[in-house]
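Engineer: Shown below is the structure under consideration.
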Amino acid sequence: MVGSSLTLRYAQGKCYTFTMTTENLAVATQIKETLLASKRVLLHCHPNPDEDSVGSALAMKYMLESLGIAADVARGDSPLPPQLSLLPGYASILDKAVHECDFSLYDTFLALDSSNLAYVTQKKDFTFPPHIQVLVIDHHKSNTKYGSLNLIADEYPAAAQILYDLTTLWGVTLTHDIALNLFIGIYTDTGGLRYLRTTGDTYRAAATLVDCAP
């Protein structure tokens, strides 16, 4: 099933083809259901964050809020790249590492673009409080599946492209702010749409995002 695609037809008559496997499509639906039942969700940027990390976290924050789910993004262990300060939502990022956050405010942690717990925080012996559900969405084959639900789609060249497909699967409207954050993640993690895992789906996603965020 790895690398297979599935076409879903929606009531309005449109067809969408997803790169992810049938199994991951099912996990994506489970993740949405878990998020909808959450009180508040904490997102993060991984250590030494790149554009895919920051852009995906901010895009997901907007995606969750569009679904009526409260969410925050923590800076993570490292300073944020100042060149990304023009990204929508950058100023809202909490100036805290994950282990510095007040977990009494949250019941769900959503890890993006992070293959293991060291990419969540490098604080030694860190563990999540027992009441926190950990969900993982990532495109790295090396992911250790440390969440209760793990959407690991290594056929994608960027976490942001997974999130792009999730906007359709979850019924999220692509706004300017979501689109700009997703585009920067896709464009940079593919080396300007040049790296090996870049596909026609990547180009189509990028084109749609540019149209949404001129």
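The values are calculated or read from the model by the stated rules, or taken from the named source; none is laboratory data. These numbers were taken from a predicted model, which means no experiment stands behind them. When we count neighbours, we look across all protein chains shown, and the Cβ atoms used for this are built from the backbone with ideal geometry, even at glycine. The accessibility values were calculated without ligands, DNA or RNA, using every heavy atom of the protein model including side chains. Shrake-Rupley method; radii C 1.70, N 1.55, O 1.52, S 1.80 Å.
Engineer: If a residue must be touching a residue at least 60 places away in the same chain (Cβ under 8 Å) and either hydrophobic (A, V, I, L, M, F, W, C) or touching a strand residue (DSSP E or B) at 6+ places or on another chain (Cβ under 6 Å) (or both), how many such residues does the stretch 58-77 contain?
Structural biologist: Residues meeting the conditions: 5.
Engineer: Next up: Which numbered condition in (1) open to solvent by less than 50 Å² (accessible area, probe 1.4 Å); (2) under 20 Å from Leu112 (Cα atoms); (3) out of contact with any helix residue (DSSP H, G or I) (no Cβ under 7 Å at 6 or more places or on another chain) is the only one that Arg197 fails?
Structural biologist: (1)
Engineer: A further question follows. Working carefully through the options Pro79, Pro47, find the one that is of a type outside the set (Phe, Trp, Tyr), farther than 20 Å from Leu151 by Cβ, surrounded by 13 or more Cβ atoms within 10 Å (Cβ to Cβ) and modelled with pLDDT of 95 or more.
Structural biologist: Being of a type outside the set (Phe, Trp, Tyr), farther than 20 Å from Leu151 by Cβ, surrounded by 13 or more Cβ atoms within 10 Å (Cβ to Cβ) and modelled with pLDDT of 95 or more holds for just one of Pro79, Pro47, which is Pro47.
Engineer: Counting just the residues of the stretch 76-92 that are polar (S, T, N, Q) and part of a helix (DSSP H, G or I), which one comes out nearest to Ile178 (Cα to Cα)?
Structural biologist: Ser92
Engineer: Return the residue satisfying two criteria in turn: it lies in the stretch 82-109 and is under 13 Å from Leu43 (Cβ atoms) and in contact with a helix residue (DSSP H, G or I) (Cβ under 7 Å, 6 or more places away or on another chain), and of such residues it is least open to solvent (accessible area, probe 1.4 Å).
Structural biologist: My answer is Thr108.
Results for (1) open to solvent by 60 Å² or more (accessible area, probe 1.4 Å); (2) free of Cβ contacts under 8 Å to residues at least 12 places away in the same chain, shown as yes or no for each residue.
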| position | (1), (2) |
| --- | --- |
| Ser142 | yes, no |
| Ala159 | no, no |
| Asp177 | no, no |
| Gly192 | no, yes |
| Arg204 | yes, yes |
| Thr208 | no, no |
